[in-house]
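Structure first, commentary second.
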Amino acid sequence: MHHVPDCWVVALALATVVGVWLGPHPGTALVAAVGVGSALVLRVQAVMVAVVVVLLAAGALLGERSWAQAHPRHLGAYTGWAQVIADPVPYGRGLRFTVEIEHERFDAWLYGARRNLPSQYQVGEYVWLTGTRTPVHGNWRRAALRHVVGGLDVTLLADRDRGSAVTRASNRVRSRMRLAAESTMAPAEAALFTGLVIGDDAREPPWLVQAFRRSGLSHLTAVSGQNVGYTLIAAMPLLRRLRPWPRWAATLALILWFMALTRFEPSVLRAGVMALLAATAHVRGHQASPLRLLALAVLALVLLDPLLVWSVGFWLSVSATAGVCQVGPWFVPRLPGPIWLRLPLAVTLGAQVGVALPSLLVFGRLPLVSVPANLAAVPVAGAVMLYGIPSALVAPVLPGVLWHVVMLPNTLGTRWVATVARVAAAAE
């Protein structure tokens, strides 16, 4: 597809998204008719118009099929192995525990003394349980966005299986990083550290979550292209020693491993697929623009999982990336000051312009303090992201004093980011 202009690649992605959004309704046919009519009037490429219409129709069918599959095929009693699909997440006095049974996902809510039972389980592991599968309690469409089709009333949690070798390796890394942070930082800062580095923000206290939202810094705890980029930078001394195609294979393996480590969240899916496409284009001798990579990533991901069209995190990630790639460069020559100040300011402004519309539509607000808050927090958060994984993996094997010394930059950096969020939230 390297010979197809970027504008057409963007059109293909948009057609797929619109098709999924509208579904098999008259509106979809109307959009297709308008597109064909415009093509005839403007005399553009008939083949590309046909592809756009095909993707529009394919998106509509895939969207309808995805919603149709959001209902359980099996209900009632179950005893056997269930795979843990998401790390247990505390909500108020309860704990949400998501498992997959017979290729269907169910949410179990545990309270009281049983709330701490599955807290040690991680994604990819298996647990032997007894329970009853029920329809979703509450908003089934919201649950469907996580591919959850029902609830699970658990009566027994028994044996545990650690899962595959890849699962054990990624979970071991997450556990060691959590151990390193919790042994050297205050609880809130430890939770923020793992959120910054690997997106593990489930243990963040409500007041910290609210401060990051009010200050416009919540994107820092959602793994993005910045985290993927820093991971590749850290591995670059080793990757450079390889020949082109082995380097490409190692890069893809590293990206996929990092995506698994960060639980394939919507934002990391976008970032990871863009990185995979960029590495593939580079090894083939092509130079793909960021906008092209973004459109291809959206196209591929929406075709694989049409329900991403309704994911707020996915669209915040996509719009922020589009803003950085398209709007940020426009700001660079128009801002005053030296280049070292103009460049990060342009990137921040571009991202804020990109997320303005989805933020206003979903959250009803766009924090005015987000630009200075991002300028103050993002460079330090980036340093924590770059230094965090290797230091947190090494620290637990060192003596106690050295452990704290190695983790000290992470502690100071995380504390700075938390302080910026609190101050900006108060100002907002």
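When DSSP assigns beta bridges and you keep just the ones with both residues in the chain, what percent turn out antiparallel, to the nearest 5?
Just about 90 percent of them are antiparallel.
Extending each Cα 7 Å along its Cβ direction at L61 and V4, get the distance between those two points in nm, one decimal.
Roughly 1.8 nm, to one decimal.
Could you state the number of Å between the C-alpha centres of the stretch 228-290 and the stretch 296-369?
21 Å
Between W109 and L252, what is the label-to-label distance in nm when each label sits 7 Å out along the Cα-to-Cβ direction?
Those two pseudo-labels are separated by 4.3 nm.
Can you tell me how much longer the chain between L304 and Q210 gets when fully stretched, taken as 0.36 nm per residue apart minus their C-alpha distance, in nm with one decimal?
Stretched out fully, the L304 to Q210 stretch lengthens by 30.6 nm.
At a Förster radius of 22 Å, what calculated FRET efficiency corresponds to the Cβ-Cβ distance of L341 and V423, to the nearest 0.05?
After rounding to 0.05, the efficiency reads 0.60.
In nm, what is the difference between 0.36 nm times the number of residues separating W81 and H404 and their Cα-Cα distance?
Contour length minus the Cα-Cα distance gives 112.3 nm.
So if each residue of separation counts as 0.36 nm, and I subtract the Cα-Cα distance between R73 and T155, what length gain in nm does that give?
27.4 nm
Leaving out ligands, DNA and RNA but keeping every protein chain, what accessible area does W207 have, in Å² rounded to the nearest 10, with a 1.4 Å probe?
Ignoring ligands and nucleic acids, W207 comes out at about 130 Å².
Calculate the spin-label point distance for R172 paired with A356, positioning each point 7 Å from the Cα along the beta-carbon direction, and give it in nanometres.
Label at A356, label at R172, 4.9 nm between them.
As a test of the formula, what do you get for the chain when each DSSP H run with n ≥ 4 contributes -39,500 (n - 2.57) and the sum is divided by the residue count, at 222 nm and rounded to the nearest 500 deg cm²/dmol?
-20500 deg cm²/dmol
Just the number, please: Stokes-Einstein D of the chain in µm²/s, Kirkwood Rh from C-alpha pairs, 37 °C, 0.692 mPa s.
D, rounded to a whole number, is 140 µm²/s.
Which residues among the stretch 206-228 fall inside the zone where the amide N is under 18 Å from a point 7 Å beyond the Cα of L366, along Cα→Cβ?
Under cut-off, by backbone N: 213-219.
The values are calculated or read from the model by the stated rules, or taken from the named source; none is laboratory data. Computed from a predicted model, the values in this text were never measured in an experiment. Note: ideal-geometry Cβ built from the backbone for every residue, glycine included; neighbour counts use all protein chains shown. Each accessible area value is taken on the protein alone, full model and side chains, heavy atoms only, with ligands, DNA and RNA left out. Shrake-Rupley method; radii C 1.70, N 1.55, O 1.52, S 1.80 Å.
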